[in-house]
Amino acid sequence: MTHVFAPPRQPSLPIKGSAQLFPIHRIYCVGRNYAEHAREMGSDPDREPPFFFQKNADNVLTSGELPYPPQTSDLHFEIELVVALKSGGASIKAADALSHVYGYAVGLDMTRRDLQNAAKKTGRPWEVGKAFERSAPCTPIVPASAIGHPNAGAIWIDVNGERRQTGDLKQMIWDIPHQIEFLSGLFELAAGDLIFTGTPAGVGSTKRGDRLKGHVDGVGDLDVVVV
Ligand code: MN
């Protein structure tokens, strides 16, 4: 059987040190996973279980230029550690979770904050604020076989040379094994899934011409210009 039109291109990420590509299945994102960021968003980090939203696999951006998206005047950066799965399943226990991880990357959860805030006020879904074209800039994936499984280390972003967000991976409220445990209780995780693991405090607005340079210790550096 053939398709009625050409199937869409498989979204994928480069892998550092490899000629092979990592094919993306789904993109999950964890909300408010660093206490100081939860507070700046107006919630109490000590009382809430993790919650999740999704972006689309084809929202990933691998080049250095991020076109300013339509319908917003408040485009925010959120620097995040990204987990890339090589296998999955349902009801994964935290103790087994890291055996499903292929590697890690540095990503941006770009957010149309004005549209997200309007959705929050009216109880509407977040996709218009979160899951738009090129809303997930991401570095190549570094395999865990090369770097291990980072659970501490600096995460930061500079905008035009000025430090705007800074934190440490160990400040995550829910660590990566527990994120995978929670997520796999809600969804069947699969090879190719990416998890954006939340952002530290200091999120802010960006405009055309800004240069965003993000970093996670031991994982990589992201370099994006908003155009
Ligand atoms: Mn985020």
Legend entry - Residues satisfying the stated conditions in segment 142-166, i.e. within 28 Å of ALA19 (Cβ to Cβ) and open to solvent by 60 Å² or more (accessible area, probe 1.4 Å): SER145, ALA146, ILE147, HIS149
Legend entry - Of all residues in segment 34-53 being hydrophobic (A, V, I, L, M, F, W, C) and not in a loop (DSSP other than H, G, I, E, B), the one that is surrounded by the fewest Cβ atoms within 10 Å (Cβ to Cβ): PHE51
Inset, instruction - Would you point out the residue of segment 1-33, among those that are among the small types (Gly, Ala, Ser) and open to solvent by 20 Å² or more (accessible area, probe 1.4 Å), that is nearest to VAL219 (Cα to Cα)? - result: GLY17
Inset, instruction - Tally the residues that are under 22 Å from MET172 (Cα atoms) and open to solvent by 50 Å² or more (accessible area, probe 1.4 Å), restricting the search to segment 82-117. - result: 7
Legend entry - Residues (away from the ligand (no atom under 16 Å from the Cβ) and either on the phi > 0 side of the Ramachandran plot or open to solvent by less than 30 Å² (accessible area, probe 1.4 Å) (or both)) located in segment 194-214: GLY209, ASP210
Legend entry - Condition check for LEU169: crowded, with 17+ Cβ neighbours inside 10 Å and within 16 Å of the ligand (Cβ to nearest atom): yes
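The values are calculated or read from the model by the stated rules, or taken from the named source; none is laboratory data. The structure presented is a predicted model; accordingly, all values stated were derived computationally and were not measured. Here the Cβ is made from the backbone with ideal geometry for all residues, glycine too, and neighbour counts use every protein chain on show. The area values use the complete protein model at the heavy-atom level, side chains included, leaving out ligands, DNA and RNA. Shrake-Rupley method; radii C 1.70, N 1.55, O 1.52, S 1.80 Å.
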